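First comes the structure, then the notes that go with it.
No lab work stands behind these numbers, since they all come straight from the coordinates. No experiment lies behind these values; they were computed from the predicted model shown. Glycine also receives a Cβ, built like all others from the backbone with ideal geometry; neighbour counts cover every protein chain displayed.
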Amino acid sequence: MTDFSTLATESRNASTEQIDKMSAIEIAKCINEEDKTVAFAVEKCLPEIATGIEWMAESLYAGGRVFYCGAGTSGRLGVVDASEIPPTYGLKDRVIGLMAGGYSAIITPSEDAEDDFDSIASVMRVQYGYGKNDILVAISASGSANCVKGALKAARDAGSKTICISCNKNSDLIPLSDLAIIAEVGPEVINGSTRMKAGTAQKMILNMLSTGAMVRYGRVRGNFMAYMIPSNKKLVARAIRMICQKTGCTPEIAEIALKKANIVIADAMDMVEAGKITK
C-alpha cells in the first residue's frame, strides 16, 4: 500500500496556503509562478527522455507499437498524445492510449477504475495482443495507480521494454520499469491536484517522447510534418506551403505534386526535387 504522506505531489504547498484569500489576479500570478518551475523539473529528466525516444523508435522499427496507459488526468494525457499521431505523422494504429475505465472515462470520470490491477493489462493482452516488440509508457503522477502497476507487469511478462513517467522520486512505478522518467515538480498549488504542475510536466514529456520518436522513425523532413494527413482546407494549404518551402517550387507545382503523390507530402517533395513535376 502506497504511503501517500511521503509523496511530494500530495504535500501541502507553503506558498499557496492562503490562496483562498487571494484576489483573482493574485491567484493567476501564484499559479503562474508555480508553473514556471515545471520546465526546470523536466529539464533534469532529459537524458532519460532521450533514452525513451530511442526505445520507442526502435520498437516502431521492429514492427511494434507504443502503448500509453494511465488513470484520470495521466490517462487522458496519454490518450490525447496518441490520438495526435495519425493526423500529424500519418501513422495509424501504432501509438495507442489506454486509460482506466475505458474511453468513456475521458469525459466521464471513473476514479475508482484505477484500483483494478488487471483492468488495463487485460485490454493489452486480449484486445491488442501486446507482445515483446511493443513498448509501454506508464503514466502516474503519484506512481500509486494500481491499474498502471498491473499494466507494467503485463508488459514485462510479454518481454517488452517499459517506461514510467511519474513526479515522485519514491514512485512505486520505478522498480517495475526499465526506464523511469521522474519530474519532481513538488507540491501542487491546490493540495493533491496533480492535473496542474504534474499534468503539465507529463504533457511536456509526452510531447518530447512522441515527437522525438517520430523524428527518429523518419516521419519528419527537416522540421516539416511530411506525413501529415491533409484532410481539410487548412491542412491542404499547409501541405502546399510546406512543399513550396522545402523545394522552392511554386504553389501550382506543389498542388500538382500533392495530387500525383496521393496527398503524401513527403512523396510530393521527392517528386518536385527530382524534377518529375511539370505543368
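With the charge dipole of the chain set up from +1 on Lys and Arg Cβ and -1 on Asp and Glu Cβ about the Cα centre, the Cα lying farthest toward the positive end among the listed residues Y61, G78, T51 is that of Y61.
When the Cα atoms of the range 233-273 are enclosed in a convex hull and the volume is divided per residue, what value in Å³ results?
Values: hull volume 2.1 nm³, N = 41.
Once divided by residue count, the hull of the range 233-273 is 51 Å³.
Here the spin labels are modelled as points 7 Å beyond Cα on the Cα-Cβ line, and at I107 and Q245 they lie 3.3 nm apart. Over the residues of the chain, the helix contribution to mean residue ellipticity at 222 nm works out to -13500 deg cm²/dmol, using -39500 (n - 2.57) for each DSSP H run of at least 4. Summing Cβ point charges (Lys, Arg +1; Asp, Glu -1) relative to the Cα centre of the range 52-102 gives a dipole of roughly 160 debye.
Pull up the DSSP beta bridges for the chain and report the antiparallel fraction as a percent, rounded to 5. Here the share of antiparallel DSSP bridges comes out near 5 percent. Computing Cα extents along the principal axes in Å directly from the structure and comparing it against [x] 62, 48, 33; [y] 70, 47, 37; [z] 69, 50, 35 singles out [z]. Cα centroid separation, the range 2-79 to the range 138-206: 9 Å. Proximity of backbone amide H atoms, modeled 1.01 Å from N, is registered between R221 and A226 at under 5 Å, excluding neighbours fewer than 5 places apart on the same chain.
Legend: residue pairs K149/K203; K36/K149; K29/K203, Cα-Cα distance threshold 28 Å; pairs beyond threshold, K36/K149. Among M196, M124, M22, which one shows the biggest mean-square fluctuation in a GNM of the chain, springs joining Cα atoms closer than 10 Å? Sorting by GNM fluctuation, first place goes to M22.
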